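Engineer: Can you keep this structure in mind? I'll have questions shortly.
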Amino acid sequence: MKKITLGAFEELVLLTAGVLQDNAYGVTIKLELERQLKKKISLGSLYSALQRLEDKGWVNSRIGGITEKQGGRRKQYYDITKEGMMALDEVRAMRNGLFNRLPNAKLDLLKS
């Protein structure tokens, strides 16, 4: 099986695109990430991550219709693929396995 290489920011971008579903385009993904992270992110870093995810086959992009609000420009939407969902599932399983192996003493420290 091919090793999954998914950086933390890429993982958040992929999750956010999946959560937003049919409304996942650059600005909405950026706004949701900023809301969740409580910090500003650049569109450049977001689009770089989206390009890497598309290169891996974990998102597909599609061009939407022309809207007056966009000044006649088309929005580029991002859809999570089956392979993208499988990558997220694999990363989640690995993280859960590691969390489950943490000694209880360390878990108690995290709670305080």
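The values are calculated or read from the model by the stated rules, or taken from the named source; none is laboratory data. If you're wondering where the values come from, they're calculated on a predicted model, not measured in any experiment. Reconstructed Cβ throughout: ideal geometry from the backbone, glycine too, with neighbour counts over all protein chains shown. These area figures cover heavy atoms from the full protein model, side chains too; ligands, DNA and RNA do not enter into them. Shrake-Rupley method; radii C 1.70, N 1.55, O 1.52, S 1.80 Å.
Engineer: Of Gly18, Ser42, Leu98, which is farthest on the positive side of the dipole of the range 8-102, counting Cα position, with +1 on Lys and Arg Cβ, -1 on Asp and Glu Cβ, and the Cα centre as origin?
Structural biologist: Ser42
Engineer: Would you mind calculating the gained length between Phe9 and Lys40 on full extension (0.36 nm times residue separation, minus the Cα-Cα distance), in nm to one decimal?
Structural biologist: On the way: separation 31, 0.36 × 31 = 11.16 nm, distance 1.30 nm.
Taking Phe9 through Lys40 to full extension adds about 9.9 nm, to one decimal.
Engineer: What is the extension gain from Lys82 to Asn100, computed as 0.36 nm multiplied by their sequence separation minus the C-alpha to C-alpha distance, in nm to one decimal?
Structural biologist: On the way: separation 18, 0.36 × 18 = 6.48 nm, distance 2.67 nm.
Contour length minus Cα-Cα distance gives 3.8 nm.
Engineer: Related question: Taking a 1.4 Å probe, which of Tyr77, Tyr47 shows the most accessible area, and what order do the others take after it?
Structural biologist: Descending order: Tyr47, Tyr77.
Engineer: Could you list log10 I(q)/I(0) for the range 8-102 at q = 0.15 Å⁻¹, which the Debye formula gives when each Cα is one point scatterer?
Structural biologist: Evaluating at q = 0.15 Å⁻¹ gives log10 I(q)/I(0) of -0.61.
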